[in-house]
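The values are calculated or read from the model by the stated rules, or taken from the named source; none is laboratory data. Computed from a predicted structure; not experimentally measured. As a convention, Cβ positions derive from the backbone with ideal geometry for all residues, glycine included, and neighbour counts pool all protein chains shown.
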Amino acid sequence: MVLTADERKVLTSTWAKVSGHLDEMGGDALCRMLTTFPQTKTYFPHYDMSPGSKDLQHHGQKVAKALDNALHHLDNVRGTMSDLADLHAYNLRVDPVNFKLLAKCFHVVLATYLRADYTCYVYLCLDKFFYLLAEVLTEKYR
Ligand code: HNI
């Protein structure tokens, strides 16, 4: 997956519009994933799953920070996410299918913040970005 220069530009400007909400966004997306796709709970047996719990907030912040980092290095997402790719492939062994589920939830969260700015093209750019992340975070499984 390769992002074009224009897609990178759109992603950067779109991200700037939501970057004030990073902390809430991660926890919200995570909570949506665990609620809507209960099979994803198996990876977090040690978490308090109630909406807004400290566990979900803290982990959501970590995930959002990782997204933020990737979005600031769109020309080198692979290198930027390398440590996280190792962690997800070798330690956590998350089934790749789950990355799509989390991405769906991030779309809902981003749409609610972006409102009219969440256009078809913005959706497409974000979807490519999440696809790229999933590719990078799961390619070491193979
Ligand atoms: Ni993920 C830990 C980022 C998808 C299950 N994950 C992390 C951490 C970051 C992170 C950051 C914390 C690392 C650290 O503390 O050093 N995860 C991301 C990103 C995505 C993603 C950017 C996709 C966009 N992770 C997923 C998915 C699952 C998942 C889809 C499973 C459904 N991640 C985990 C688990 C941990 C984790 C489990 C360890 C959590 C803990 O607290 O023990």
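Points worth noting:
- Single condition Leu114 does not satisfy, out of (1) surrounded by fewer than 18 Cβ atoms within 10 Å (Cβ to Cβ); (2) farther than 17 Å from Val18 by Cβ: (2)
- Candidate set: segment 68-81, residues that are in a helix (DSSP H, G or I) and free of Cβ contacts under 8 Å to residues at least 24 places away in the same chain; chosen: the one nearest to the ligand (Cβ to nearest atom): Asn69
- For Lys104, the stated conditions hold: it is more than 8 Å from the ligand (Cβ to nearest atom) and either in contact with a Ser or Thr (Cβ under 7 Å, 6 or more places away or on another chain) or assigned to a helix (DSSP H, G or I) (or both).
- Residue in segment 1-21 that is within 9 Å of the ligand (Cβ to nearest atom), at pLDDT 95 or above, within 17 Å of the chain's Cα centre (by Cα) and surrounded by fewer than 16 Cβ atoms within 10 Å (Cβ to Cβ) present: no
- Looking across segment 80-137, the residues that are among the polar types (S, T, N, Q) and under 22 Å from Thr4 (Cβ atoms) come down to Thr80, Thr119.
- Comparison of Pro45, Pro51 shows that the only residue that is assigned to a loop (DSSP other than H, G, I, E, B), modelled with pLDDT of 95 or more and more than 26 Å from Met1 (Cα to Cα) is Pro45.
- Scope segment 99-141; condition within 20 Å of Met81 (Cα to Cα) and of a type in the set (S, T, N, Q); matching residues: Thr138
- Count of segment 28-42 residues, restricted to those that are surrounded by 15 or more Cβ atoms within 10 Å (Cβ to Cβ) and assigned to a helix (DSSP H, G or I), is 8.
- Met25 vs. criteria of a type in the set (A, V, I, L, M), more than 10 Å from the ligand (Cβ to nearest atom) and surrounded by fewer than 17 Cβ atoms within 10 Å (Cβ to Cβ): no
- Residues that are near the ligand (Cβ under 8 Å from one of its atoms) and surrounded by 15 or more Cβ atoms within 10 Å (Cβ to Cβ) within segment 45-57 comprise Tyr47, Asp55, listed in sequence order.
- Matching residues, segment 105-137, being in contact (Cβ under 8 Å) with a residue 60 or more places away in the chain, over 16 Å from Thr12 (Cα atoms) and of a type in the set (D, E, K, R): Glu135
- Cβ pairs under 8 Å, 6+ apart, first in segment 86-97 and within 12 Å of Val136 (Cβ to Cβ), second hydroxyl-bearing (Ser, Thr, Tyr) and surrounded by 11 or more Cβ atoms within 10 Å (Cβ to Cβ): His88/Thr138; Ala89/Thr138; Ala89/Tyr141; Pro96/Thr138; Pro96/Tyr141
- Residues of segment 1-23 satisfying the condition of being under 17 Å from Leu124 (Cβ atoms), hydroxyl-bearing (Ser, Thr, Tyr) and in a helix (DSSP H, G or I): Thr12, Ser13, Thr14
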